[in-house]
Amino acid sequence: MSKYRYITSLLLIALFACNGTPKKAEEHDHEAEHEEVLPDDIVEMRDDQIKLANIETGSIEMRAMSGTLKVNGIISVAPQNLATVSAPLGGFIKSTTLMPGNSVSKGQTLAIIENQQFIDIQQSYLETKNKFEFTEADYKRSAELYKADISSAKNFQQISSDYKTLKAQIKAYEEKLLLIGINPAGLNEDNISSSVALKSPISGFVKTVGINLGKSVSPTDVLFEIVNSSKLFLELTMFEKDADKVAQGQKIRFYINNETEPHDAVISHTGGSINSDKTYKVYANVTDDCKNVLPGMYVNAIIETSGNQVAALPSDAIVSFDDKDYIFIFDKNKEEDGKPFTEYKIIEVRKGVTDNGFTEVILPDGFDVSTAKVVVKGAYNLLAAKKNAGEMAC
């Protein structure tokens, strides 16, 4: 409350108590003359009190309100931008030069792995390939002889079966070689190796390194984690009651590490259900290039809610007391002992978003927005008069 409003309230309380509320000695005579008892939701004031309280009335407006929601969350990366690297057949670590935080490119060597199985697979592939070349030539000759009725069907079927079996074996060995990182097209009897290079599947930076020289690793061991931080997103947590206030395309400002400089994001999609703890997930793509924004960081975010047409009043028209919000409306003019009085009625409301000095009000059922005259100035003075009427003596 401003200093001016505080002083005005004190003057109003004193004037209301001394003039608007009779002294105890006069209570019996007053009750005899005026049987009317003011309801709890009515504040009665004279013209001079209204002038002192600087009370003005106005109408409820329908305005497009662009409010904000404050939420928390973390920075994450999409599954396609996070790679876990393992050795499909396991082995021993022969060499590596990487440390956590190092930058890597797609296809770059992460480590060299040795395994006896690599030799066996290459040997089996080359032997099968040589057999297949002989069988393929025999198969083509048998096919020609069979068509010319020179060779028997049984003989052709046997050669055809051997041909197809070897062809399948070669395909299987080629897939195994590709799995461990060896190109079968370049493999021959002179370049069989016991070691292979483990390559990075994506570009990014090394998040974790789980190996050292000579370590034996199995196919299920995580050797490296690679993160591509060029496309980050926010995973924000909202309360269930705010789920209808966000939608795809809304802008977000977020802050990390108590920074004062905001970063920008745009909501890409929202969660399709409410979680067991009655929270709601919202996901947003980070739109600017933030080099200091990393996965796993905690963020404070502000969501700009859409501007819907809502009932709104100047923010000063809404007063709070005991964790509840109220407005005052003009009720009626009357006269007592030849003196004019005005009655104001207090109405409980709920506040919505606030934007540019106006606040959304959720009004009670049956409230007539078109005819109501709401106190837009001096509402706090009316609240002070209501709370303190009869408590001061002159």
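The values are calculated or read from the model by the stated rules, or taken from the named source; none is laboratory data. A quick note: this is a predicted structure, and the numbers were derived from the prediction, not measured. So basically every Cβ, Gly included, is an ideal-geometry build from the backbone, and we count neighbours across all protein chains shown.
Would you say G357 is of a type outside the set (A, V, I, L, M) and modelled with pLDDT under 90? It is true that G357 is of a type outside the set (A, V, I, L, M) and modelled with pLDDT under 90. Applying the set (1) over 10 Å from the mean Cα position of the chain (by Cα); (2) farther than 23 Å from V353 by Cα to D264 leaves exactly one unmet item: (2).
Any chance the stretch 324-332 includes a residue that's aromatic (F, W, Y), at pLDDT below 90 and assigned by TED's automatic domain parsing to the domain that holds N54? No, that holds for no residue. Taken over the stretch 61-90, the criterion of being assigned to a loop (DSSP other than H, G, I, E, B), within 19 Å of the chain's Cα centre (by Cα) and among the aliphatic types (A, V, I, L, M) is satisfied by A78 alone. Only residues that are farther than 13 Å from V376 by Cα, out of contact with any helix residue (DSSP H, G or I) (no Cβ under 7 Å at 6 or more places or on another chain) and assigned to a strand (DSSP E or B) were counted in the stretch 311-345, giving 14. Entry remark, the stretch 269-298: residues being part of a strand (DSSP E or B) and over 30 Å from V361 (Cα atoms) number 3 in total. Scanning the stretch 147-171 for residues that are surrounded by fewer than 12 Cβ atoms within 10 Å (Cβ to Cβ) and in a loop (DSSP other than H, G, I, E, B) yields a count of 3. A count restricted to the stretch 71-82 and to residues that are buried (at least 19 other Cβ atoms within 10 Å of the Cβ) and in contact with a Pro (Cβ under 8 Å, 6 or more places away or on another chain) stands at 2.
So is I226 closer than 25 Å to E61 by Cβ, assigned to a strand (DSSP E or B) and not acidic (D, E) or not? The answer is no for I226.
A count restricted to the stretch 124-146 and to residues that are surrounded by fewer than 13 Cβ atoms within 10 Å (Cβ to Cβ) and either among the polar types (S, T, N, Q) or within 30 Å of S203 (Cα to Cα) (or both) stands at 1. For the stretch 338-371, the tally of residues that are in contact (Cβ under 8 Å) with a residue 40 or more places away in the chain and of a type in the set (D, E, K, R) stands at 5. Screening the stretch 225-242 for residues that are out of contact with any Lys or Arg (no Cβ under 8 Å at 6 or more places or on another chain) and touching a residue at least 24 places away in the same chain (Cβ under 8 Å) and picking the one that is surrounded by the most Cβ atoms within 10 Å (Cβ to Cβ) gives L234.
One residue stands out in the stretch 243-258 among those that are outside any strand (DSSP E or B) and in contact (Cβ under 8 Å) with a residue 24 or more places away in the chain: the one that is nearest to A87 (Cα to Cα), namely N257.
Can you tell me which residue among A384, A372 is among the small types (G, A, S), assigned by TED's automatic domain parsing to the domain that holds D40, in a helix (DSSP H, G or I) and modelled with pLDDT of 85 or more? Only one candidate qualifies: A384.
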